[in-house]
Amino acid sequence: MLTVKMVVTGPFNAGKTEFIQTVSEIDVVSTERKISSEAERIKETTTVAMDFGRITVDNDLALYLFGTPGQKRFDFMWEILSEGMLGFIVMVDSTRPETFREARNILEAFRAFSPTPYVVAASKQDLEGAWELDDMRIALRLNEDEKLLPCIALDKESVKEVLLELLASILLELDNQ
């Protein structure tokens, strides 16, 4: 069986944990802890090491999903989690433009760790105030050939579309090797 390691990364509160929980066939291994900083108290918990989920695509293929912490103080985990990845997803909260620069920096960091396929997922597209994809592409300085996909992390079909888009790129890359 081929196992494909994918990393789900992005800024704090972009939807990484929800993304993995929505689609994982196993109980997600999570390192969520209570948030200690008042400034970040827009939610109750945060990932401090990683999230892990699994999806069996068919008898020959399984996806292992590793979610990174979004808080800068845990960024040492990014390189550790990127080891052996065949592709990655950068989740960007499309309702919080103040996080776009950080998302771009995370994208650059992961591209430096490993030249693997990636997609950018514009999360929270169902919420009021979500930016249009064309505007996000400009703000994130993404080229036309870089995949920017709409995503609702709590919607299984939306999550599957993002994963399938990345998986297609990964399988194409593996075929070309």
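The values are calculated or read from the model by the stated rules, or taken from the named source; none is laboratory data. No experiment lies behind these values; they were computed from the predicted model shown. Cβ: placed from backbone, ideal geometry, glycine included. Neighbour counts: every protein chain shown.
Figures for the structure shown
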item: Residues of the stretch 14-34 classified as surrounded by 17 or more Cβ atoms within 10 Å (Cβ to Cβ) and either at pLDDT below 90 or more than 26 Å from ARG101 (Cβ to Cβ) (or both), total; result: 7
item: Top-ranked residue in the stretch 65-105 [being of a type in the set (A, V, I, L, M) and modelled with pLDDT under 95; ranked as surrounded by the most Cβ atoms within 10 Å (Cβ to Cβ)]; result: LEU81
item: Any chance PHE113 is surrounded by 15 or more Cβ atoms within 10 Å (Cβ to Cβ), closer than 17 Å to LYS5 by Cα, touching a helix residue (DSSP H, G or I) at 6+ places or on another chain (Cβ under 6 Å) and not aliphatic (A, V, I, L, M); result: yes
item: Output for the stretch 149-164, where each listed residue is within 15 Å of GLN125 (Cβ to Cβ) and buried (at least 20 other Cβ atoms within 10 Å of the Cβ); result: CYS151, ILE152, ALA153, SER158, VAL159, VAL162
item: Which numbered condition TRP131 fails, given (1) under 18 Å from LYS16 (Cα atoms); (2) crowded, with 20+ Cβ neighbours inside 10 Å; result: (1)
item: Boolean, ARG96 is out of contact with any Phe, Trp or Tyr (no Cβ under 6 Å at 6 or more places or on another chain), farther than 19 Å from ASN13 by Cβ and of a type in the set (D, E, K, R); result: no
item: Which numbered condition ILE42 fails, given (1) at pLDDT below 75; (2) aliphatic (A, V, I, L, M); (3) buried (at least 20 other Cβ atoms within 10 Å of the Cβ); result: (3)
